[in-house]
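Trainee: Below is one structure. I have some questions about it.
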Amino acid sequence: MTTADDYVLQLAVDRGLLGAGLLAAAQRRSAEHTDLTSPPPSVTEILVSDGALEPQALARLLAGEFAMPFVELDGLAVSGEALNALPRSFVSRHLVLPVALADGVLQVALADPLDVATLDSVEHVAGLRVKASIAAEDEIRRAIARFYGQDTAHLDDLLASAPPPRTPLPPAALPGPPAAVAEPDSADKDAPIIKLVHSLIHEAIRRRASDIHLEPLEKRFRVRYRIDGVLLEVDAPPKRLQLSIISRLKIMANISIAEKRVPQDGRIQVTLGGRTLDLRVSSLPTAHGESIVMRILDKEGLRLGLPELGFLPDDQKAFEHLIASPDGIMLVTGPTGSGKTTTLYGCLHFLNQPDRKIITVEDPVEYQLTGINQVPVRADIGMTFAAALRAMLRQAPNIVMVGEVRDLETADIAINASLTGHMVFSTLHTNDAPSAVTRLIDIGVKPFLVAASLRATMAQRLVRRVCPHCAQPCTPTAKELQLLALAPAQLAGATFRRGAGCPACHGTGYRGRLGIFEIFLVNDEIRGLIYDHVTAPRLRAVARRHGMRTMREDGIRKILAGHTTIEEVVSVTVGDAR
C-alpha cells in the first residue's frame, strides 16, 4: 500500500467511516496474496468488495478534507467539447474524467486528491488550466465507459504484433459491389489489426455514428466519430499502426493499397445484429498519410415517414398536398449534410404506391428503396445525370428524382420533364428557399421556364433532438429569450426541455436529429415576379407576406414544443437572425 493510500484509509478510520479492525484485516489479506500470475489487490479494493467501505462516502470525506468540490457523475451531462479535451486512452490510464470546459478552464473529476502528477499531465495534454474535483472511483469508471464507449482492449498489448499487409489488389476499372466483411479464417482470427478495425467499426455503429474519420496527423493517428452531426474524438491506436490499419480498410473496401497518390472510393458491407449496413469509404492523400472517411449507411433505417423528418402537423399536411401534385418540380435546398437526400427519400416513401412508377438517378445510390427503380450515375462511361434523366423519361415514369441539379443541361431536362406531366424532385445548394429561383436562372435556365415549372422550394437544416430518456423541463435565461425575440403570448404554452445526460445519449443530452424547414410556395404573384427576374430578397419579402415561415421561426416552434434547444436552433440559423 502506498503512503497516499495509507493516509487516506487512516483518515477514514479517524473520521469513523471505517473500523480499525476491518482495515487491519484487509491489509493482511493484501500482504498474503500468493498468486504470482496477478498483482495483489489493493487494500481499498478489498474493503470496497467486502462492503466495508462505500466509495461515494470516501469521496465525500476526501472532498471535505481537502476543500475540493465533490461531484456525482451518475446522470451528469458532459459537453462534447469537454470530452474532446482528453483522449480515451489518457482518461482510462489515469482514471480522470473531464467534467466541464469554460473560459479556458477544464474541470476534471478524479478519485485521489493527492495525485498531483495526474493533474500536471492533464494540463500538459489538454493545454488548459485545470480545476480538480473529487468523485467516487467506480462512478469515474462507469462515466468513462458511458461517454467514451467501452474499452475494447489495451491497444499496445492487443497490437504488439501486427500482421503484414496482404498482396496489393489491382485497381478496379469500374466500381463493383461492396466488399462484404466475412468472418476471418482460422489463420486470421487472432490478427490484432483485424480485431482492432472491426472493433472501431462496430463501436461506431453501436454509438449511432454517421461517419468514422481516421486522420493521420504529424505525431498521432486521430479517430473521430460523427454522432448527431457532431464530431467526437475516441480512443485512437498508436501512430506506428497507421499504415497497417489503412491498408486493412482499403483491402476491405476493395481498393488498391499500392496507390497512395490519388483519392480512391470503395464500399464495405457489414452485418451487425441481423442488420446489413454499407460503409462508403473515401481515401484522400494528405501530408502525413492517407485520410480515411467511412460513411455508415443503414439500408433498413431509412424508412422514415414525414413526421420522423421533423414536420409539425400543420406543415406536414401542407407538404403532403404539395408533393402529391401531378406535375411540376420541387427542390430541396441546403448545404452538404443538411439532410436533403433523406427528405427526398421520405417524399418517395410517402408517394410509393403500386399505381405509380418512380425512377431516381443518384450519385451514388446510398439507400435501396423497395419498389423504386434507382439508377446510379457512372460519369466514367458517360452515364451522367443528364444522360440518365434523358433515358429515364423514355421509361414513362410518374415521379422522377434527380439527386442534384448541377448544370444547365440537367436543369433543362428536369424542367422540361416537369412541364410534360412528370413530378420531379431534386436538390440544390442554396442558403435559403427563395434563392433557389435565382440559382436556377444564374446557371442559365430561362425565367419563364422556372416560373412555369416550379411548384415550391424548401430549405432545411438539421438540429439535434432532446434525448427522450433524460429530457427534463428547463427555464431559458432572459438573454436567450431576447435572442429569439419571443412574444409573451408565445411563452404561454411553451415547454422548454433539456437533456440531463444519460447512457442512451452518452451524456450529451441529445439523441437523433430533426429538420427545421422554410417552405417557399410559388403562387401566381411570385410566378409573375420570377418571370420579371426579380431578386431573391424581393421574392422573400413577398413570400413572407403570404405567410412563409423562416427556418429560425420553424426552429422556435420546435423549441417551444420541447423537441430541441435554443442553442441548436441559433447555431444553424445565424444568417436568419434578422
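Trainee: For labels at A67 and F448 in the simple 7 Å Cα→Cβ model, what's the distance in nm?
Mentor: 8.4 nm
Trainee: Here's something else I'd like to know. How are the alpha carbon pair distances in segment 362-424 distributed across 5 Å bins from zero to the largest one, expressed in percent?
Mentor: Computed distribution, short to long bins: 4, 18, 32, 26, 16, 5, 0.
Trainee: May I pose another question? Check H422: other-chain or 5+ apart residues with amide H under 5 Å from its amide H, H built from backbone geometry?
Mentor: G328
Trainee: Let me ask another. What figure in square angstrom, to the nearest 10, would you give for the accessible area of Y531 with a 1.4 Å probe?
Mentor: Spelled out: Y531, probe radius 1.4 Å, area about 140 Å².
Trainee: Can you compute the equivalent ellipsoid semi-axes for segment 301-367, i.e. the square root of 5 times each eigenvalue of the Cα gyration tensor, sorted largest first and rounded to whole Å?
Mentor: Working from the Cα gyration tensor, I get semi-axes of 18, 17, 13 Å.
Trainee: Also, I was wondering about something else. How would Y225, Y367 line up by accessible area, probe 1.4 Å, largest first?
Mentor: On the way: Y225 5, Y367 25 Å².
From most accessible down to least: Y367, Y225.
Trainee: To continue, here is another question. Please work out the FRET efficiency for the pair N523 and A492, using the Cβ-Cβ distance as r and a Förster radius of 25 Å; give the result to the nearest 0.05.
Mentor: So, using R0 = 25 Å, E works out to roughly 0.20.
Trainee: What FRET efficiency comes out for the pair R394/A57, r = Cβ-Cβ distance, R0 = 51 Å, nearest 0.05?
Mentor: On the way: r = 78 Å, r/R0 = 1.52.
Step by step, r from the Cβ atoms, then E = 0.05.
Trainee: Now for a separate question. Over 21 Å between Cα atoms: which of K317/K357; K340/K479; K131/K479; K479/K558; K340/K446 fall into that group?
Mentor: K317/K357; K340/K479; K131/K479; K340/K446
Trainee: Can I ask one more? Taking all protein chains together and a probe of 1.4 Å, list C467, C474 from the most accessible to the least accessible.
Mentor: Working: C467 0, C474 40 Å².
Highest to lowest solvent-accessible surface, that is C474, C467.
Trainee: Within 10 Å of each candidate Cβ there may be at most 10 other Cβ atoms; applying that plus a DSSP loop requirement, which trypsin sites (Lys or Arg not before Pro) in segment 213-274 survive?
Mentor: Counting only loop positions with at most 10 other Cβ atoms within 10 Å, the trypsin sites (Lys or Arg not before Pro) in segment 213-274 are K219, R261.
Trainee: What accessible area per residue comes out for segment 428-551, rounded to a whole number of Å², with a 1.4 Å probe? Before the final figure, lay out each step's value.
Mentor: Details: 5830 Å² over 124 residues.
It amounts to 47 Å² per residue over segment 428-551.
The values are calculated or read from the model by the stated rules, or taken from the named source; none is laboratory data. Since the model is a prediction, treat every value here as computed from it, not as a measurement. Here Cβ is always computed from backbone atoms with ideal geometry, including for glycine, and neighbour counts include all displayed protein chains. Accessible surface areas use protein heavy atoms only, side chains included; no ligands, DNA or RNA. Shrake-Rupley method; radii C 1.70, N 1.55, O 1.52, S 1.80 Å.
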